[in-house]
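Undergrad: The structure is given below, and queries will be raised subsequently.
The values are calculated or read from the model by the stated rules, or taken from the named source; none is laboratory data. A quick note: this is a predicted structure, and the numbers were derived from the prediction, not measured. Glycine gets a Cβ as well: all are built from the backbone with ideal geometry, and neighbour counts include every protein chain shown.
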Amino acid sequence: MLKWRLFLTTLPLVIGALVIKLVLGHVFHFQGLLEFSDISLVLTGGTFLIGFMLAGTLADYKEAEKLPAEVACELEAIEEVFAQAAIGRPELDLKAERQAVLDTGTSLWDWLHKRQTPAEMFAAIERLTERVLELEKYGAGPHASRALRQLHNLRRYTTRMGVISRTGFVSAGYALLEALTVAIIGMTIVARFKNTLTEVVLVPFVALIFIYMLRLIHDLDDPFDYAVDGRSGAVEVELFPLKEYLDRLGARVS
């Protein structure tokens with residue numbers, strides 16, 4: 001049902017447009033102000049703008065799809081550095097180091113679900129950095145250097161996730177698309193059709209396409225818009241690579 005959520009929540013708006021058209025025509029006997037064929041140029045312009053906006057948001061979306069897996073891989077690589085550094089060093093508590101990685105991963109998960117602020121999430125990464133630097137005390141300097149590179153990548157990926165989530169794509173384009181959508185639906189409502197059947201088919205069809213695509217583009221613009229309770233929307237990227245790694249790590253820590 002998740003894939004139908006956006007469609008189903010758009011239907012009331014589509015039905016509303018059709019009801020307005022039918023009431024104007026059959027109750028107030030409004031015959032229309034222009035022919036439906038006269039608005040073809042406006043429909044073409046709206047379709048072009050939808051394609052432009054969709055292409056722009058999809059570029060960020062395709063990048064966003066990769067980031068949860070990249071974050072999970074970097075965390076697991078840091079865990080492996082701790083495991084390698086612990087070989088022959090009984091004074092290094094591997095379980096505690098894994099717990100530090102788990103705490104960082106959990107903080108990232110909570111940040112994505114708006115249960116932590118970006119400052120709290122980056123503070124968790126900083127605490128993990130301090131654990132990595134402590135490897136120097138145990139004579140594991142090369143391992144610390146390797147882990148620091150992984151931490152750099154982790155910060156880069158999480159920062160990019162935050163930028164994608166918080167930055168909209170061309171706000172002026174959204175303004176024009178929203179105005180065109182309202183104008184096209186309005187012109188469709190006041191247009192003349194050959195018969196009632198054509199009216200009943202074309203009015204909801206045009207309204208569905210433009211309202212649905214406008215809402216879809218808005219949703220695609222923030223692919224990390226997860227609810228606090230863990231629910232995701234219709235188009236948010238999947239976090240299962242990160243969730244599955246945290247589950248595996250939690251099993252190793254317990």
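Undergrad: Of the residues Thr47, Thr57, Thr106, which single one is at pLDDT 95 or above and either on the phi < 0 side of the Ramachandran plot or more than 23 Å from the chain's Cα centre (by Cα) (or both)? Explain how you work it out, then say what you get.
TA: Numbers: Thr47 fails: at pLDDT 95 or above; Thr57 fails: at pLDDT 95 or above.
Answer to the selection: Thr106.
Undergrad: Consider Ile217 carefully, then state whether it is touching a residue at least 60 places away in the same chain (Cβ under 8 Å), closer than 27 Å to Gly25 by Cα and either aromatic (Phe, Trp, Tyr) or in contact with a helix residue (DSSP H, G or I) (Cβ under 8 Å, 6 or more places away or on another chain) (or both).
TA: No.
Undergrad: Still on this structure, please answer the following. Output the qualifying pairs, or none if there are none: Cβ atoms under 7 angstrom, residues six or more apart or on different chains, first residue in region 109-125 and small (Gly, Ala, Ser), second residue not in a loop (DSSP other than H, G, I, E, B).
TA: Cβ pairs passing all conditions: Ala124/Asp103; Ala124/Thr104; Ala124/Ser107.
Undergrad: Right, something else. Let me confirm something: among Thr57, Thr10, Thr44, which residue is part of a helix (DSSP H, G or I), under 21 Å from Ile164 (Cα atoms) and of a type outside the set (Lys, Arg)? Lay out the reasoning, then the answer.
TA: Numbers: Thr10 fails: under 21 Å from Ile164 (Cα atoms); Thr44 fails: under 21 Å from Ile164 (Cα atoms).
Step by step, each of Thr57, Thr10, Thr44 is checked, and only Thr57 is part of a helix (DSSP H, G or I), under 21 Å from Ile164 (Cα atoms) and of a type outside the set (Lys, Arg).
Undergrad: Given the options Ala100, Ala64, name the one that is under 24 Å from the mean Cα position of the chain (by Cα), within 26 Å of Asp247 (Cβ to Cβ) and of a type in the set (Gly, Ala, Ser).
TA: Details: Ala100 fails: under 24 Å from the mean Cα position of the chain (by Cα).
Criteria check complete, one pass: Ala64.
The rows are residues; the columns are (1) of a type outside the set (Lys, Arg); (2) touching a strand residue (DSSP E or B) at 6+ places or on another chain (Cβ under 6 Å); (3) at pLDDT below 90.
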site: Lys3; (1), (2), (3): no, no, yes
site: Leu11; (1), (2), (3): yes, no, no
site: Ile15; (1), (2), (3): yes, no, no
site: Val19; (1), (2), (3): yes, no, no
site: Leu24; (1), (2), (3): yes, no, no
site: Val27; (1), (2), (3): yes, no, yes
site: Phe36; (1), (2), (3): yes, yes, yes
site: Leu43; (1), (2), (3): yes, no, no
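Undergrad: Under 9 Å between Cβ atoms, which residue pairs at least 6 apart in sequence (or on different chains) link something in region 183-205 that is within 14 Å of Glu35 (Cα to Cα) and among the β-branched types (Val, Ile, Thr) with a partner that is modelled with pLDDT of 90 or more and not in a helix (DSSP H, G or I)?
TA: Val203/Ala191
A quick yes/no check of all residues on (1) touching a strand residue (DSSP E or B) at 6+ places or on another chain (Cβ under 8 Å); (2) buried (at least 18 other Cβ atoms within 10 Å of the Cβ); (3) of a type in the set (D, E, K, R):
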site	(1), (2), (3)
Glu130	no, no, yes
Glu134	no, no, yes
Lys137	no, no, yes
Thr158	no, yes, no
Arg166	no, no, yes
Val170	no, no, no
Leu177	no, yes, no
Ile185	no, yes, no
Leu220	no, yes, no
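Undergrad: What's the total number of residues in region 27-41 that are part of a helix (DSSP H, G or I) and surrounded by fewer than 16 Cβ atoms within 10 Å (Cβ to Cβ)?
TA: The initial filter retains those residues of region 27-41 that are part of a helix (DSSP H, G or I), namely 36-41.
Right, trim to surrounded by fewer than 16 Cβ atoms within 10 Å (Cβ to Cβ) and you get 37-38, 40-41.
So the count comes out to 4.
Undergrad: If Leu94 satisfies all but one of (1) loosely packed, with under 12 Cβ neighbours inside 10 Å; (2) aliphatic (A, V, I, L, M); (3) farther than 18 Å from Arg215 by Cβ, what's the number of the condition it fails?
TA: (1)
Undergrad: Looking at (1) part of a helix (DSSP H, G or I); (2) among the charged types (D, E, K, R); (3) over 16 Å from Val14 (Cα atoms), which is the only condition Glu236 fails?
TA: The one condition Glu236 does not meet is (1).
Undergrad: Scanning region 222-254 for residues that are among the β-branched types (Val, Ile, Thr) and surrounded by fewer than 18 Cβ atoms within 10 Å (Cβ to Cβ), which turns out nearest to Phe7 (Cα to Cα)?
TA: First, the residues of region 222-254 that are among the β-branched types (Val, Ile, Thr): 228, 235, 237, 253.
From what's left, surrounded by fewer than 18 Cβ atoms within 10 Å (Cβ to Cβ): 228, 253.
Details: Val228: 23, Val253: 43 Å.
Restricting to residues being among the β-branched types (Val, Ile, Thr) and surrounded by fewer than 18 Cβ atoms within 10 Å (Cβ to Cβ), the top hit is Val228.
Undergrad: Another one. Any chance you could count how many residues in region 55-68 are buried (at least 17 other Cβ atoms within 10 Å of the Cβ) and out of contact with any Phe, Trp or Tyr (no Cβ under 6 Å at 6 or more places or on another chain)?
TA: Here is the first cut: in region 55-68, the residues buried (at least 17 other Cβ atoms within 10 Å of the Cβ) are 57, 60-61, 64, 67-68.
Still in the running and out of contact with any Phe, Trp or Tyr (no Cβ under 6 Å at 6 or more places or on another chain): 60-61, 64, 68.
Adding up the residues that qualify gives 4.
Undergrad: With the condition kept exactly as written, say whether any residue in region 154-165 is closer than 30 Å to Asp93 by Cα, under 18 Å from the mean Cα position of the chain (by Cα) and touching a residue at least 40 places away in the same chain (Cβ under 8 Å).
TA: Yes, region 154-165 contains a residue that is closer than 30 Å to Asp93 by Cα, under 18 Å from the mean Cα position of the chain (by Cα) and touching a residue at least 40 places away in the same chain (Cβ under 8 Å).
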